[in-house]
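Below: the structure, in structure tokens.
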Amino acid sequence: VMVVETGGGLVQTGGSLRLSCAASGHMFNNYAMGWFRQAPGKEREWFAYITWSGANTLYTDSVKGRATLSRDNAENTVDLQMDSLLPEDTAVYYCNAISLATRRLHPAFHSWGQGTQDTVSS
């Protein structure tokens, strides 16, 4: 899967952003897709995923209640709606195929997209 993330930007605390992930190749529909983020000075970490069918999602406590995932397998896209943004949400956001067992990049894939920068001002 090759991915391109878009939709980042600068918003104020309490604002919203909608991020999109466009994927191509390698049977996108077969994989759960995750969103990861990397804050300044920190490692990239998983915080949300959606199963291959779109029937199930899971979020970490840091975004639960503020993030909503959806996917369109016909269009090979995964969207992330983030509301009630906080300064600690400032990060580069990435999407990719995810292993549900490890909640890390799926072992069948080895590359990341450029990500999209979200900056939340206080």
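Mind ranking W52, W35 by accessible surface for me, highest first, 1.4 Å probe?
Values: W52 150, W35 0 Å².
I get W52, W35, largest accessible area first.
Below 8 Å between Cα atoms, with a sequence gap of 6+, how large is the relative contact order for the chain in percent? Intermediate values should be presented prior to the final figure.
On the way: 289 pairs, mean separation 43.4, N = 122.
That works out to 36 percent.
Over segment 27-84, what is the relative contact order in percent, taking alpha-carbon pairs closer than 8 angstrom and at least six residues apart?
Details: 85 pairs, mean separation 15.1, N = 58.
Value for segment 27-84: 26 percent.
Apply the Karplus curve 6.51 cos²θ - 1.76 cosθ + 1.60, θ = phi - 60°, to the phi angles in segment 102-111 and return the couplings in whole Hz, x for Gly and Pro.
Working through the residues one at a time gives 9, 6, 10, 3, 4, x, 6, 10, 9, 10 Hz.
Checking a compactness column here: for the chain, what do you get for Rg(Cα) / (2.2 N^0.38 Å), N being the number of residues?
Compared with the compact-globule rule of thumb, the chain sits at 0.97.
Given a 1.4 angstrom probe, what's the average accessible area per residue across the chain, in square angstrom? Don't skip to the end; give the middle numbers.
Numbers: 6360 Å² over 122 residues.
Result: 52 Å² of accessible area for each residue.
For the chain, which whole percent of the accessible surface, found with a 1.4 angstrom probe, sits on carbon and sulfur atoms?
50 percent
Quick one: which residues, 5 or more positions from G115 or on another chain, have an amide H under 5 Å from its amide H? H modelled 1.01 Å from N in the peptide plane, none for Pro or chain starts.
Those qualifying (amide H under 5 Å, at least 5 residues apart or on another chain) are E5.
Could you go through segment 34-43 in sequence order and give the Karplus-derived ³J(HN,Hα) for each residue, using 6.51 cos²θ - 1.76 cosθ + 1.60 with θ = phi - 60°, rounded to whole Hz, and x for Gly and Pro?
Computed from phi, the couplings for segment 34-43 are x, 10, 10, 8, 10, 7, x, x, 10, 7 Hz.
The values are calculated or read from the model by the stated rules, or taken from the named source; none is laboratory data. Please read all numbers here as calculations on a predicted model, not as lab measurements. Surface accessibility is based on the protein's heavy atoms, side chains included, excluding ligands, DNA and RNA. Shrake-Rupley method; radii C 1.70, N 1.55, O 1.52, S 1.80 Å.
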